[in-house]
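Shown next, in structure tokens, is the structure this report addresses.
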Amino acid sequence: MVRVAVYSLSSCEGCISVIATTLHRFLNELRSFVDFEYFKIVLEPPLEAEALYVDIAFVEGVPATEEDKRALQLIRERSAKLVSLGTCASTGGLGYSSSRYIRAGGASIEALEPLSTYVKVDYALTGCPANPEEFAQTLLLLAKGFNPRPSDYSVCFDCPLKGRACFLNKGVVCLGPVAMGGCGAPCPQLNIPCHGCRGPALEADFDSFFKILEAKGLKHELAEDMLRKFMGKFAIEVKVK
């Protein structure tokens, strides 16, 4: 059996909450391969969580405190594979952007970083929250000795399949062309433009994206704000300051 632990650093615990309440749908597939040794808010044995030695560790949230950073280092040392769980852990997400661009009463806070700034991350499972089905698929592949692969297409691939008209063609800024797909485009189905919560698509062409916005008379500033929100550290790569 593959020993698994699911940890949470500083976060809203949205990813593990969604996964914990839906994981029963995948237990028949997982039970032959996986043994959960620790699962934040679900299974917390008396032993200090970070003291466990496991084959696969999923870590949600960002290392916002020195205690978080120490815990993350220990988790990495005692895990054969480490997966960043959710967008905050994978890109820095809202924590990364808010700690740099938002000031409460003029006060500054320490700039927050994704897990990969501090330790080696073997696979990033993005999403806000992370998709339970993708969590189960990723866990099953790793348990069987395979390397999972992220979706290789953007959200724009999903929208036509769901019968959704393009927001950009309606004069609404949407990150669909540069955001990682695989989510099934739930936000556009609710008439909400994509904010890129899964991070950038593997072959995202940001230069072309901004040229499209310009051609349609849409503001770069709004797109840049949206990029900062979830893409965190990746926003630097596209020169979003």
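Residues that are over 20 Å from the mean Cα position of the chain (by Cα) and of a type in the set (Lys, Arg) within segment 63-79 comprise 70, 78, listed in sequence order. Inspection of segment 137-154 finds no residue satisfying the criterion of being of a type in the set (D, E, K, R), modelled with pLDDT of 95 or more and touching a Leu at 6+ places or on another chain (Cβ under 6 Å). Residue count for segment 52-71, restricted to those that are of a type in the set (A, V, I, L, M, F, W, C) and buried (at least 24 other Cβ atoms within 10 Å of the Cβ): 4. Can you confirm whether residue 141 is without any contact (Cβ under 8 Å) to a residue 24 or more places away in the chain and touching a Pro at 6+ places or on another chain (Cβ under 8 Å)? So residue 141 passes the test.
The set of residues in segment 79-96 that are surrounded by fewer than 24 Cβ atoms within 10 Å (Cβ to Cβ) and modelled with pLDDT under 95 contains only 94. Contact map, segment 208-234: residues that are not assigned by TED's automatic domain parsing to the domain that holds residue 173 paired with residues that are surrounded by 20 or more Cβ atoms within 10 Å (Cβ to Cβ) and among the basic types (Lys, Arg), Cβ distance under 8 Å, separation 6+ or inter-chain. No pairs are found.
In segment 197-204, the condition of being in contact with a Gly (Cβ under 6 Å, 6 or more places away or on another chain) and in a loop (DSSP other than H, G, I, E, B) is met by at least one residue. Out of curiosity, is residue 194 part of a helix (DSSP H, G or I), crowded, with 19+ Cβ neighbours inside 10 Å and not polar (S, T, N, Q)? Answer is no for this residue. All conditions in (1) surrounded by 13 or more Cβ atoms within 10 Å (Cβ to Cβ); (2) more than 20 Å from the chain's Cα centre (by Cα); (3) of a type in the set (A, V, I, L, M) hold for residue 165, with the sole exception of (1).
Name the residues in segment 172-213 that are of a type in the set (D, E, K, R) and either modelled with pLDDT of 95 or more or closer than 22 Å to residue 86 by Cβ (or both), would you? 198, the sole residue that qualifies.
The values are calculated or read from the model by the stated rules, or taken from the named source; none is laboratory data. A quick note: this is a predicted structure, and the numbers were derived from the prediction, not measured. Cβ sites come from the backbone with ideal geometry, for glycine too, and all protein chains shown count toward neighbours.
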